[in-house]
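**Q** Below is one structure. I have some questions about it.
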Protein chains: 2
Amino acid sequence: MATKIFTTTLISLIIIISSSHQLLALNHTPKFFRKFPFPSSAKSSQSQPQLDIHYETKFFQQRLNHFSFFKTPMFPQRYLINTENWVVGSGPIFLYCGNEGDIVWFAQNTGFIWEIAPKFGAMVVFPEHRYYGESVPFGSKEEAYKNASTLGYLNAQQALFDFAVLVTDLKRNYSANACPVVLFGGSYGGMLAAWMRLKYPHIAIGALASSAPILQFEDIVPPETFYDIVSNGFKRESSSCFNYIKQSWDVIESKGQTSDGLELLTKTFRFCQKLKSTEDLRDWLESAYSYLAMVNYPYPSEFLMPLPGHPIKEVCRRIDKGPAGTSILERIYEGVNVYYNYTGEAKCFELDDDPHGLSGWNFQACTEMVMPMSSSRKSSMFPPYEYNYSSFQEDCLKNFGVKPRPKQITTVFGGHNIHLALRKFGSNIIFSNGLLDPWSGGSVLQNISESIVSLVTEEGAHHIDLRASTENDPDWLVEQRATEVKLIQGWISDYYQNYKVVFDM
Amino acid sequence: MATKIFTTTLISLIIIISSSHQLLALNHTPKFFRKFPFPSSAKSSQSQPQLDIHYETKFFQQRLNHFSFFKTPMFPQRYLINTENWVVGSGPIFLYCGNEGDIVWFAQNTGFIWEIAPKFGAMVVFPEHRYYGESVPFGSKEEAYKNASTLGYLNAQQALFDFAVLVTDLKRNYSANACPVVLFGGSYGGMLAAWMRLKYPHIAIGALASSAPILQFEDIVPPETFYDIVSNGFKRESSSCFNYIKQSWDVIESKGQTSDGLELLTKTFRFCQKLKSTEDLRDWLESAYSYLAMVNYPYPSEFLMPLPGHPIKEVCRRIDKGPAGTSILERIYEGVNVYYNYTGEAKCFELDDDPHGLSGWNFQACTEMVMPMSSSRKSSMFPPYEYNYSSFQEDCLKNFGVKPRPKQITTVFGGHNIHLALRKFGSNIIFSNGLLDPWSGGSVLQNISESIVSLVTEEGAHHIDLRASTENDPDWLVEQRATEVKLIQGWISDYYQNYKVVFDM
């Protein structure tokens, strides 16, 4: 039976990459909402082994607009809280900066915090990001997502203020005023964690920002970075694999010119319904490659899909293995089958035909999270595409009635010359990145100062450090997490020491 | 001829203190808008000797609401700019953080920046604060000040964002991307300068925050601080002067019980029209004392009023000098005459009967700039008053339809335990204060770190260091300014050095 795994549980990575793909898609068509493809019978991410975590679910009344004083509605912000291990009144507060999805899903997929909390005697809090999960204003998701006027308060600065207000309130309620707050976050949540430390140093003493592409804006990093890294992830496994993929787009394009050709493509790739255009197939393949690069973990995982360890290695093995004479398309199919159908349960694949109207991350991407992305003709295995801001803006206007503000993030949070700006300003941020992760290209990969540091792992993928430990963790991952724990311990003991100095003054 | 000095040129201090007086006034009456008294023939502040400064006046289109993405109107932000001394492409940019008034008036009264700019090869920019002077949204001051819905975007965070956007744009237009920006500000503008450095380290390398009471919020400093400092300013000149003032309130109250008594008070204090209540007189006197403490400069000045040097000394001399048997009220009149009529030109005093409806600072005070102030029965010479948040809130609701957010500033910018929060975070801020200034009580008076420092002068008053130098400047003031210049030089050379390090990396 064909089912879709895209539940209401939005997934950080999926959402982020969908935005980059929209940009890529602009190359071929001005359509903004890409059709999102899912395998017909893969398991829902919700069905993956649940972490054994305990928390209370609570709601906090937040102001929808923190920055105007005209009457503004309130909305319930959901947060998960666990105080079992907390050393009452003095233990730290571990605050995960909820990102663009259901907070329960993030709590489930951030085992690291749960594992280290007891050791620190820490309270654990997972607040949900406004407009996601159950934290929606205007009474319902339908109302909240109706148009730009209701969506207008969905942005990073409002979200950070939500966290600040919530923490301040929690500290008072739990008589935890003297307790240091440590921030955690991955992906967009990692960006929020780093920014929160920079903007609210009086509220949090440090941040672990994992896979946080805070430099993926304007012209700070080359727009080709993301797809180049994905491509290199394939090339390093096998240059023939890279070449097969690179050559496949023209083959697909030429086959797709006729109805018979589309029929052939439909059959080759086992779609349940006939393809309407090659674009759908292209998107389906591009998604798979990009996600594979992000979750290119060294052990079997079920983060997005059930996958083997080193999944790209396996994809390339299958692409390469066919005997001479095997068609490119058959090779490609065998390869992506690793991503879409590793369990082998899918009989055919369903393309999601419903563009779903307004989605939260799409709105954020159309307003402040404007991340220019291109695909280089030379170094990328993807169809070449040059970022075109004008068409992007046009699409945003058409779909949301908003004009993007591509300078918003760099104006508010900086980014250009970040090493210059922060070399002697700020402290206690870890930017952790795995170089296999395509988002690492937009992240901080060098130490900025003694206490704003970069932890880079050659073999790491998207915020792998935040995931629960496994028996199969390689040494470098065990070490990375140990370093993070040590740095956080340093912040906390430094805080207690400063506390003593300041109050003995 | 009776004229009023209260022109459209709002004065930082006047506005700030008017808010504190409103609180004081709440003791006696729930009325929120105090009637503001002015002498009948004192010169307008605009008529004081003009500084010989040159600038171009320009306007920049700013977004009214930076924090929502729903369509928002633009408004013209005025700014004054001088590039005559600027070392093109590499010299620093001196940015004055415009506060709650006409920017031309602030430019005129901030001689320090103009004097040091040539030495630094600096560009000088004075942007006006939104909703003040000519920088009003909605086409006119009437429209902008109509109600809470139009006034809602008048707040510190929006104003800081205005500055950030403007600087970013200027840097691009002047090819000044590598140029370090140094912030200056006094009073509320000093608060903005400090906060801007903390929130936008990527935009400005340091801030001179003069007389910036960033701690005058919630319970950070005792609410009696302000009026205690004013009172001590009088007491240190003469304890009998202090006592006469302290005793005068009961005398006024008892005289004012009858119409004849009000007639007598009117005559004693030379009002042009008969007093309607003792409250007006009380406000008139309280204002004078508080302003006198703020502008208790060591040389003659015309900042608010034409005054002699050490004006409080002169006030007390006159209060004390009457022969035995001189009534308290006659003494008080002789004293405040120094403030309201030092030139001796006024024949009678006009009370401003028009509460003027909505004023910008009153709105800010009713929303985020909630500064609790009390007057101690024991240590203050003012009528005792205990800060009452409930009545304050009630008045704000009644007058503006807004509920104050007393925690807004501390949540956004911090304040509690500032030494703990910033001891190892941030850099390059000077908090300069004179201890005669009643606002010094809510300011940072101790070094926070090696580069977030406090410069305190025993004999200084409200942001005297920002004023133009005079022949009569005492040594401590000359030294204070020299220290400031040296620190700013340090930031700038440090910046250029870091620039080299980072770009040679």
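**Q** What number, in percent, do you get for the relative contact order of chain A if the mean sequence gap of Cα pairs under 8 Å and at least 6 apart is divided by its residue count?
**A** Details: 985 pairs, mean separation 105.0, N = 505.
Relative contact order for chain A comes out at 21 percent.
**Q** State the residue of chain A whose Cβ is nearest the axis carrying A onto B, and the distance in whole angstrom.
**A** Closest to the rotation axis on chain A: A:Phe67, 2.
**Q** Let me ask something else about it. Quick one: with all protein chains in place, what share of the accessible area of chain A is carbon or sulfur, to the nearest percent (1.4 Å probe)?
**A** Summing carbon and sulfur atoms, their accessible area is 51 percent of the total for chain A.
**Q** Please work out the C-alpha center-to-center distance from region A:315-341 to region A:236-307 and express it in whole Å.
**A** 10 Å
**Q** Chain pair B, A: how much accessible area is buried, both chains summed, with a 1.4 Å probe, in Å² to 100? All intermediate terms of the calculation are to be shown ahead of the outcome.
**A** Details: alone 20020 and 20030 Å², together 35110 Å².
Chains B and A together bury roughly 5000 Å² of accessible area.
**Q** Residues of region B:201-241 losing 10 Å² or more of accessible area relative to the isolated chain, 1.4 Å probe, heavy atoms only?
**A** Buried on complex formation: B:Pro201, B:His202.
**Q** Let me ask something else. If R0 is 22 Å, what FRET efficiency do you get for A:Glu143 and A:Phe59 from their C-beta distance, rounded to 0.05?
**A** Numbers: r = 18 Å, r/R0 = 0.80.
FRET efficiency, A:Glu143 to A:Phe59: 0.80.
**Q** Taking the Cα centre of region B:279-318 as origin, work out the dipole magnitude from +1 charges on Lys and Arg Cβ and -1 charges on Asp and Glu Cβ, in debye rounded to 20.
**A** On the way: 4 positive and 6 negative charges, 63 e Å.
Dipole of region B:279-318, to the nearest 20 debye: 300 debye.
**Q** Quick one: give the max-minus-min coordinate of the C-alpha atoms of the protein assembly as shown along each principal axis, largest first, in Å.
**A** 118, 59, 46
**Q** Sticking with this structure for a sec: Does chain A come out rounded, prolate or oblate by the C-alpha gyration tensor, with a ≥ b ≥ c the root eigenvalues, rounded set by a/c under 1.5 and, if not, prolate when a/b is larger than b/c and oblate if not? Present the calculation step by step, with values, prior to reporting the outcome.
**A** On the way: a/c = 1.79, a/b = 1.55, b/c = 1.16.
Verdict is prolate for chain A.
**Q** Tell me, what is the 1.4 Å probe accessible area of B:Asp52, in Å² to the nearest 10?
**A** About 130 Å², rounded to the nearest 10.
**Q** Output the 0 to 90 degree angle, nearest 10, between the alpha-carbon long axis of helix A:259-268 and the longest principal axis computed from the alpha carbons of chain A.
**A** It works out to around 60 degrees.
**Q** Take the alpha carbon gyration tensor of region B:234-390, find the square roots of its eigenvalues, order them as a ≥ b ≥ c, and report rounded if a/c is under 1.5; if not, report prolate when a/b exceeds b/c, else oblate.
**A** Numbers: a/c = 1.32, a/b = 1.17, b/c = 1.12.
Cα axes put region B:234-390 in the rounded bin.
**Q** Let me ask something else. Copy-to-copy spacing for B:Val88, label 7 Å out on the Cα-to-C-beta vector, in nm, shortest first?
**A** Label point to label point, same position, other copies: 7.0 nm.
**Q** Which is farthest toward the positive dipole end of region A:355-505 among A:Val444, A:Val402, A:Met371, measuring Cα position about the Cα centre, with Cβ charges +1 (Lys, Arg) and -1 (Asp, Glu)?
**A** A:Val402
**Q** In the protein assembly as shown, what percentage of the DSSP-assigned beta bridges are antiparallel, given to the nearest 5? If you can, show how the numbers build up before the last one.
**A** Values: 33 of 81 bridges.
Antiparallel bridges: around 40 percent, rounded to the nearest 5.
**Q** Using label points projected 7 Å from each Cα along Cα→Cβ, tell me how many nm separate B:Thr483 and A:Thr470, to one decimal.
**A** 6.0 nm
**Q** Moving on to the next point. Provide Rg and Dmax in Å for region B:356-460, with only Cα atoms included in the calculation.
**A** 16.8, 46
**Q** Magnitude of the Cβ-charge dipole of the protein assembly as shown, K/R +1 and D/E -1, about the Cα centre, nearest 20 debye?
**A** 700 debye
**Q** Let me ask something else. Keeping every protein chain present and rolling a 1.4 Å probe, give me the accessible area per residue for the protein assembly as shown in Å².
**A** Working: 35110 Å² over 1010 residues.
It amounts to 35 Å² per residue over the protein assembly as shown.
**Q** Here is a follow-up. Apply the Karplus curve 6.51 cos²θ - 1.76 cosθ + 1.60, θ = phi - 60°, to the phi angles in region B:178-188 and return the couplings in whole Hz, x for Gly and Pro.
**A** Result, ordered by residue: 8, 7, x, 9, 10, 9, 9, x, x, 6, 4 Hz.
**Q** Quick one: accessible surface of A:Glu134, probe radius 1.4 Å, all protein chains present, in square angstrom to the nearest 10.
**A** Answer for A:Glu134: close to 100 Å² accessible.
**Q** About the Cα centre, and with charges only on the beta carbon of Lys, Arg (+1) and Asp, Glu (-1), how big is the dipole of region A:202-340? Nearest 20 debye, please.
**A** Details: 14 positive and 18 negative charges, 110 e Å.
That gives region A:202-340 a dipole magnitude of about 520 debye.
**Q** From other protein chains only, count the Cβ atoms within 10 Å of every residue's Cβ in A:403-412, then give the mean.
**A** Values: counts 2, 1, 3, 0, 4, 6, 0, 2, 10, 10.
The shielding value for this peptide is 4.
**Q** Let me ask another. Using Cα atoms only, what is the angle between the long axis of helix A:328-340 and the major principal axis of chain A, expressed in degrees (0 to 90) to the nearest 10?
**A** 30 degrees
**Q** Additional query: How far is B:Gln497 from the same spot in each other copy, in nm, shortest first, if each label point sits 7 Å from Cα toward Cβ?
**A** 2.4
**Q** Pull up all non-local amide H partners of B:Glu368: gap of 5 or more, or a different chain, and H-to-H distance under 5 Å with H placed in the peptide plane.
**A** Correct list: B:Arg405.
**Q** I'd like to know which of A:Tyr496, A:Leu477, B:Gly233 lies farthest towards the positive end of the charge dipole of the protein assembly as shown, counting +1 on Cβ of Lys and Arg and -1 on Cβ of Asp and Glu.
**A** With unit charges placed on the Cβ atoms, the residue in question is B:Gly233.
**Q** Here is a follow-up. Got a sec? What order do B:Tyr499, B:Tyr387 fall in by accessible area at 1.4 Å, biggest, i.e. largest, first?
**A** On the way: B:Tyr499 70, B:Tyr387 50 Å².
Sorted descending by solvent-accessible area, the residues read B:Tyr499, B:Tyr387.
**Q** Only bridges whose two residues both fall in chain B count here: according to DSSP, what percent of them are antiparallel, nearest 5? List each step's numbers first, then the result.
**A** On the way: 16 of 40 bridges.
Here the share of antiparallel DSSP bridges comes out near 40 percent.
**Q** What is the helix-to-structure angle for B:475-503, meaning the angle in degrees between its Cα long axis and the longest Cα principal axis of chain B, kept from 0 to 90 and rounded to the nearest 10?
**A** 30 degrees
**Q** Also: Heads up, I need the accessible area for A:Cys348: 1.4 angstrom probe, whole protein in place, Å², nearest 10.
**A** 40 Å²
**Q** Just flag the GluC sites (Glu not before Pro) in region A:190-265 sitting in loop per DSSP whose Cβ has no more than 11 other Cβ atoms within 10 Å.
**A** On the way: sites: A:Glu218, A:Glu224, A:Glu237, A:Glu253, A:Glu263; in loops: A:Glu218, A:Glu224, A:Glu237.
Filter output for region A:190-265: empty list.
The values are calculated or read from the model by the stated rules, or taken from the named source; none is laboratory data. If you're wondering where the values come from, they're calculated on a predicted model, not measured in any experiment. Note: ideal-geometry Cβ built from the backbone for every residue, glycine included; neighbour counts use all protein chains shown. For accessibility, only protein heavy atoms count, side chains too; no ligands or nucleic acids. Shrake-Rupley method; radii C 1.70, N 1.55, O 1.52, S 1.80 Å.
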